[in-house]
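Accompanying notes for the structure given below.
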Amino acid sequence: MICDIKTGTHSLLLNLTCPECGTIHNAEVINTVCVNDACKSTLFAKYNLSGSVDKSILANRPATMWRYKELLPVVDERNIVTLGEGFTPIIPIENLKQFVGDNEVFWKDESGNPTGSFKARGLSAAVSKAKELGIDTIATPTAGNAGGALAAYAARAGIKAIVYMPKQTPQVFKDECRLYGAELFEIDGNISDCGKLVNEHSILNDWFQVSTLKEPYRLEGKKTMGYEIAEQFNWQLPDVILYPTGGGTGLIGMWKAFDEMEQTGWIDSRRPRMVAVQSESCNGIVSAFNSGLQVSEFADGGFTIANGLRVPKPYADKQILKVLRESNGAALTISDYEMSTALKEIARSEGMLVAPEGAALWQAFKKLKATQWIKPGEQVLMINTGSGYKYLENIN
């Protein structure tokens, strides 16, 4: 357990552990992925959950993700870089009840986070830990929202941000990065092409990479969605959670949070069935899940209006597929036309301008209900990952 006596911070962080081979890594030094060459898995932060961590610690704390600071990796509170991210609202479907029927269906709306998406969570945690470890330059590939979030939190922390983004990304994402002072490179290609260049240039220039699940702490920020869902549903998890799956950090993170909360006694062993929703353009996880494979194949069908879903092969595909199977979940694809139609339907009927990634979930819900995979009376939660305002260039 790591504890800072001077500031009273009491992080329960113990180490970083590889979920594939079990190798333990020292959390007091800079880490990326597992050092085992045969593995190279993303690393999971492990906490000392054997003692009593009572829910009463949350009383009167600010409504941000840092209310769960004992279960987050920053040792000294002075290193926390925050813009008020987290504790986003749960919003019920009100006017589309002809589709909802006898189910309770809710959004967790991440669009109100700093920079307009749930990427704020992961980058708040990653930049905070980078600051604590003395890192001065951070680089990332992005489909859009992660780049803006990194740029904002790096600016707040006084750290240099370098962002690689596909040229096809809507202009607002590029403008956002530059306004926050990041150095932006526009690349002909997809996020995988950006990732290859970030890796090459980071090695040459000694930059620290925060590519999705290639460092341990973005996952820790994203997992706070799981803590909030439990708290907001009075410590009884919904029956089904639908999640738009590009890199899959939030899906893995929420599942990790549920396990941690069970160990602390905050929830019981019941779990939601997790649903991964992908674009038809990049459907590697859906294909692997439906084929019974343990890893996904590279799949890139080109442009999709949901920038965040154009991830041809998630780095942690093994972990994503494991969560889907452990939860008795499902995986399905949605077309751009369906996303666009759903986005307009939600805006006109519910007064919410969700991201195309979020709109994909509404179509997925309707399909799963029609096939009776979602059962009568079940409680369903959809994670809208960002603001539709940033995607207007993509919507006809």
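Go over the candidates 81, 100, 29, 105 one by one and state the one that is among the β-branched types (Val, Ile, Thr), open to solvent by 20 Å² or more (accessible area, probe 1.4 Å) and either modelled with pLDDT of 95 or more or touching a Phe, Trp or Tyr at 6+ places or on another chain (Cβ under 7 Å) (or both).
29
As an exercise: evaluate residue 227 against (1) surrounded by fewer than 24 Cβ atoms within 10 Å (Cβ to Cβ); (2) among the aromatic types (Phe, Trp, Tyr); (3) assigned to a helix (DSSP H, G or I) and give the number of the one condition it does not meet.
Residue 227 satisfies every listed condition except (1).
All but one of (1) hydrophobic (A, V, I, L, M, F, W, C); (2) touching a residue at least 60 places away in the same chain (Cβ under 8 Å); (3) open to solvent by less than 20 Å² (accessible area, probe 1.4 Å) hold for residue 274; which doesn't?
Single failed check for residue 274: (2).
Let me spell it out: the conditions are (1) surrounded by 18 or more Cβ atoms within 10 Å (Cβ to Cβ); (2) closer than 26 Å to residue 136 by Cα, and residue 76 meets all of them except one. Which number is the exception?
(1)
Can you name every residue in the range 1-14 that is modelled with pLDDT of 95 or more and surrounded by fewer than 18 Cβ atoms within 10 Å (Cβ to Cβ)?
14
Being charged (D, E, K, R) and in a helix (DSSP H, G or I) is the filter here, so list the residues in the range 183-220 that pass it.
193, 196, 200, 218, 220, listed by residue number.
For the range 38-73, which positions are open to solvent by less than 50 Å² (accessible area, probe 1.4 Å), at pLDDT 90 or above and in a loop (DSSP other than H, G, I, E, B)?
39, 41, 42, 43, 48, 49, 64, 72, 73
Pull out all pairs, ordered by first then second residue, where Cβ-Cβ is under 6 Å, the residues are six or more apart or on different chains, the first lies in the range 169-189 and is in contact (Cβ under 8 Å) with a residue 12 or more places away in the chain and of a type outside the set (Gly, Ala, Ser), and the second is open to solvent by less than 20 Å² (accessible area, probe 1.4 Å) and part of a loop (DSSP other than H, G, I, E, B).
These pairs meet every condition: 169/144; 173/144.
Go through (1) open to solvent by less than 40 Å² (accessible area, probe 1.4 Å); (2) among the acidic types (Asp, Glu); (3) farther than 20 Å from residue 13 by Cβ for residue 239 and report which single condition fails.
In the conditions (1) open to solvent by less than 40 Å² (accessible area, probe 1.4 Å); (2) among the acidic types (Asp, Glu); (3) farther than 20 Å from residue 13 by Cβ, residue 239 misses (1) alone.
Taking only pairs six or more apart or across chains, which ones have beta-carbon atoms under 6 Å, a first residue in the range 348-366 that is touching a residue at least 12 places away in the same chain (Cβ under 8 Å), and a second residue that is of a type in the set (Asp, Glu)?
Matching pairs, first to second residue: 363/338.
Test of understanding: among 202, 192, which residue is open to solvent by 10 Å² or more (accessible area, probe 1.4 Å) and over 19 Å from residue 116 (Cα atoms)?
After applying the criteria, what remains is 192.
Please verify whether the range 280-301 includes one or more residues that are open to solvent by 50 Å² or more (accessible area, probe 1.4 Å), assigned to a loop (DSSP other than H, G, I, E, B) and within 30 Å of residue 95 (Cβ to Cβ).
Looking for residues that are open to solvent by 50 Å² or more (accessible area, probe 1.4 Å), assigned to a loop (DSSP other than H, G, I, E, B) and within 30 Å of residue 95 (Cβ to Cβ), one finds at least one in the range 280-301, hence yes.
I need a count of the residues in the range 321-334 that are open to solvent by less than 20 Å² (accessible area, probe 1.4 Å) and hydroxyl-bearing (Ser, Thr, Tyr).
Qualifying residue count for the region: 1.
Output the residue which, of all residues in the range 302-320 that are open to solvent by less than 20 Å² (accessible area, probe 1.4 Å) and outside any loop (DSSP other than H, G, I, E, B), is nearest to residue 169 (Cα to Cα).
Selected residue: 307.
What about residue 95, is it farther than 27 Å from residue 216 by Cβ, touching a Ser or Thr at 6+ places or on another chain (Cβ under 9 Å) and open to solvent by 20 Å² or more (accessible area, probe 1.4 Å)?
Yes; evaluated as a whole, the condition is true for this residue.
The values are calculated or read from the model by the stated rules, or taken from the named source; none is laboratory data. Just so we're clear, the structure is a prediction, and the values are computed from it rather than from any experiment. Neighbour counts are summed over all protein chains in view; Cβ atoms, including those assigned to glycine, are modelled from backbone coordinates with ideal geometry. Side chains included, ligands, DNA and RNA excluded: accessible areas come from the protein's heavy atoms. Shrake-Rupley method; radii C 1.70, N 1.55, O 1.52, S 1.80 Å.
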